[in-house]
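K.L.:
For reference, the structure I am asking about is given below.
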Amino acid sequence: MNSFYETLDLRGEGLIQVRRRRRPPSSFNVFKRSTVTMRDRSKNRKPLQRGRVSVEAIQAVQALKRSKTDRYLLERAFESKFRRLVKADMVAVLHEFQRQNESLLALQVFEDIRKEHWYKPRVLVYADMISVLARNDLCEEVEMLCLYLKTEDSLEGDTDCFNALLKNLMEFGFTTLAIECFHLMKGIGCDPDESTYRFLINGLELKGETGLSAKLKQEAEEYFGWPLELQEEEEPLAL
């Protein structure tokens, strides 16, 4: 009951009962009119932050994974889910497949990204892709990516990124490709540092390629003007 009866004595008029409405408890007494302004979330969307993946990117990842065993369904998923994404979401999908070790899906996403008008080649992206493919023994795909790299225009000359690439190639046994990418590095005007030579020389010596490693040692000494100290410990890359 929200009301109760109270008996009042109105000074000589007799006793009467007055129905008084009970005040609701204070915990329910906070109904205030407010205005909620809705905005279109598709407008002015902030760039994707590290550690965050948009709903659209998550849906694309799920759709592509569900369809990966069927070529026709996979192409439909690319068309309906992936190719409609904004740049940041496309890159997020690529990183997610790399993280999940979905090597072939990562490769297909990367090939799609290369067709976008905003695409700009990044050596570090190639290094990450080669690592994912090599972990899954996709040697032909690694060779194909190195071929892509050689044909890229406006390739950045970042020594640390090339070092990451060369290190991955050497660690997975792609000695010839590593030497080719080393020549590519110098060909675009990117100066190698001591770590560059160290990765190559140590890797060649582990493979028994003593002749080639000796040539690189001599080249490094002429380049830097002093003998290269070969450390057994791996140096962290400043990426």
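Coordinate-derived values only; no laboratory data. Every value quoted in this text rests on a predicted model; they were computed, and no experiment measured them. Positions of Cβ are backbone-derived with ideal geometry, glycine not excepted, and every protein chain shown enters the neighbour counts.
K.L.:
May I ask which of LYS87/LYS120; LYS186/LYS215; LYS81/LYS115; LYS68/LYS150; LYS65/LYS120 have a Cα-Cα span longer than 22 Å here?
P.N.:
LYS68/LYS150; LYS65/LYS120
K.L.:
I need the phi-derived Karplus couplings for the range 185-196: 6.51 cos²θ - 1.76 cosθ + 1.60, θ = phi - 60°, integer Hz, Gly and Pro marked x.
P.N.:
So the Karplus estimates, Gly and Pro as x, are 4, 5, x, 8, x, 8, 6, x, 10, 4, 4, 4 Hz.
K.L.:
Kindly put ILE201, ILE58, ILE179 in sequence by how many other C-beta atoms sit within 10 Å of each C-beta, fewest to most.
P.N.:
Ordered by Cβ neighbours within 10 Å, fewest first: ILE58, ILE179, ILE201.
K.L.:
List VAL109, VAL61 from most exposed to least, where exposure is judged by having the fewest other Cβ atoms within 10 Å.
P.N.:
Placing the least packed residue first, the sequence is VAL61, VAL109.
K.L.:
Then there's this: Take the Cβ-Cβ distance between GLU171 and VAL55 as r, set R0 to 45 Å, and report the resulting FRET efficiency rounded to the nearest 0.05.
P.N.:
So the FRET efficiency works out to roughly 0.80.
K.L.:
Here is a further query. In nm, give the distance between the simple-model label positions of LEU104 and THR159, each being 7 Å from the Cα along the Cα-to-Cβ direction.
P.N.:
4.1
K.L.:
Subtracting the Cα-Cα distance from 0.36 nm times the residue separation, let me have the gained length for ASN136 to GLU116 in nm, one decimal.
P.N.:
Once the chain is fully extended between ASN136 and GLU116, it gains 4.5 nm.
K.L.:
I've got another one for you. Taking each pair of different alpha-carbon atoms in the range 120-232 once, compute 1/r for the pair, average those values, and report the inverse of that mean as the Kirkwood hydrodynamic radius in Å to one decimal.
P.N.:
14.2
K.L.:
Now a separate question. Residue by residue through the range 113-125, what is 3J(HN,Hα) from phi via Karplus (6.51 cos²θ - 1.76 cosθ + 1.60, θ = phi - 60°)? Round to whole Hz and write x for glycine and proline.
P.N.:
4, 4, 8, 6, 5, 8, 4, 10, x, 10, 4, 5, 5
K.L.:
Now a separate question. For each of VAL55, VAL142, count neighbouring Cβ atoms within 10 Å of the residue's Cβ, then give the residues from fewest to most.
P.N.:
Fewest-to-most Cβ neighbours within 10 Å comes out as VAL55, VAL142.
K.L.:
If you keep only loop residues by DSSP, which GluC sites (Glu not before Pro) in the range 103-196 have at most 16 other Cβ atoms within 10 Å of their Cβ?
P.N.:
Here the GluC sites (Glu not before Pro) that fit, given the DSSP loop and packing criteria, are GLU116, GLU156.
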